[in-house]
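Beneath this line is the structure, given in structure tokens, with notes to follow.
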Amino acid sequence: MKIFLDSANIEQIRQAKALGAIEGVTTNPSLLSKESGDWKKIVRQICREIDGPVSVEVIATECAAMLAEARDLVKIAPNVVIKVPVTLEGLKAIKELHQRGIETNATLVFSPNQALLAAKAGASFVSPFVGRLDDIGQDGMQVIQDIMTIFRNYDLPTQVLAASIRHTSHFFQAALLGADAATIPLAVLLELIKHPLTDIGLAKFLADWAKR
Ligand code: G3P
């Protein structure tokens, strides 16, 4: 499973990159608005820092305007992936962008049906929002599993990118199900490293060494 960082913060991205685990970045309008400075410069900086795909979302809601934004976004760097919400207009934009050879990440996916339509339109990635489904009492992980099954049934090339990952168990479950990628906040990435037995074991090793 590829690991992407869900962040627009360059310091966080550098911190995650230093661990050698990050193969891409996902941003969204909320994450980019938290950062001060020119958002295009921030995106350019992220794209320079990371070799893999960097998702940047369109703000427009009409297909033609989404395509115009996408045209500008792809000029920022060759590894920009256009994030497009799965709406009627968004699906049209995904199809157009696919025909033009531009990579897309279909976002705000909450059902297997939405994922299937996005894959048919030619999305490179679909991003089911696991945590937000759990928030409303649904089973986000089940949606990942269902999408994986459907994509395998029909041998669809679209990658499943588990998003809205809130804790280590989401991450583990996504890997177990065979999700192609998961995008995680830095806090979750740091939690993945921890285990109490590692800390206890290290403390004992160091204490024993100090006694020699
Ligand atoms: O990148 C989109 C997604 O990961 C958002 O997560 O925690 O805001 O639901 P969250």
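Data for the structure
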read-out	value
Subset tally (residues that are among the aliphatic types (A, V, I, L, M) and at positive phi) for the stretch 164-212	0
Pairs, first in contact (Cβ under 8 Å) with a residue 60 or more places away in the chain in the stretch 157-177, second near the ligand (Cβ under 9 Å from one of its atoms) and in a loop (DSSP other than H, G, I, E, B), C-beta under 8 Å, six or more apart	I165/P185; A174/I165
Odd one out for L133, checked against (1) in a helix (DSSP H, G or I); (2) among the hydrophobic types (A, V, I, L, M, F, W, C); (3) more than 12 Å from the ligand (Cβ to nearest atom)	(3)
Among the candidates E57, E23, residue that is in contact (Cβ under 8 Å) with a residue 24 or more places away in the chain, within 14 Å of the ligand (Cβ to nearest atom) and not small (G, A, S)	E57
Residue in the stretch 100-116 that is of a type in the set (V, I, T), modelled with pLDDT of 95 or more and away from the ligand (no atom under 16 Å from the Cβ) present	yes
The listed residue being in a strand (DSSP E or B), at pLDDT 95 or above, within 15 Å of the ligand (Cβ to nearest atom) and at negative phi, out of V126, V143	V126
Hits in the stretch 147-186 - residues which are within 23 Å of S7 (Cβ to Cβ), among the hydrophobic types (A, V, I, L, M, F, W, C) and either assigned to a helix (DSSP H, G or I) or more than 15 Å from the ligand (Cβ to nearest atom) (or both)	F171, F172, A174, A175, L186
Qualifying positions in the stretch 26-49 - within 15 Å of the ligand (Cβ to nearest atom) and of a type outside the set (G, A, S)	T26, T27, N28, P29, L31, L32, K34, E35, V43, I46
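The values are calculated or read from the model by the stated rules, or taken from the named source; none is laboratory data. All values reported here derive from a predicted model rather than from experimental measurement. No Cβ is skipped: glycine too gets one built from the backbone with ideal geometry, and neighbour counts run over all protein chains shown.
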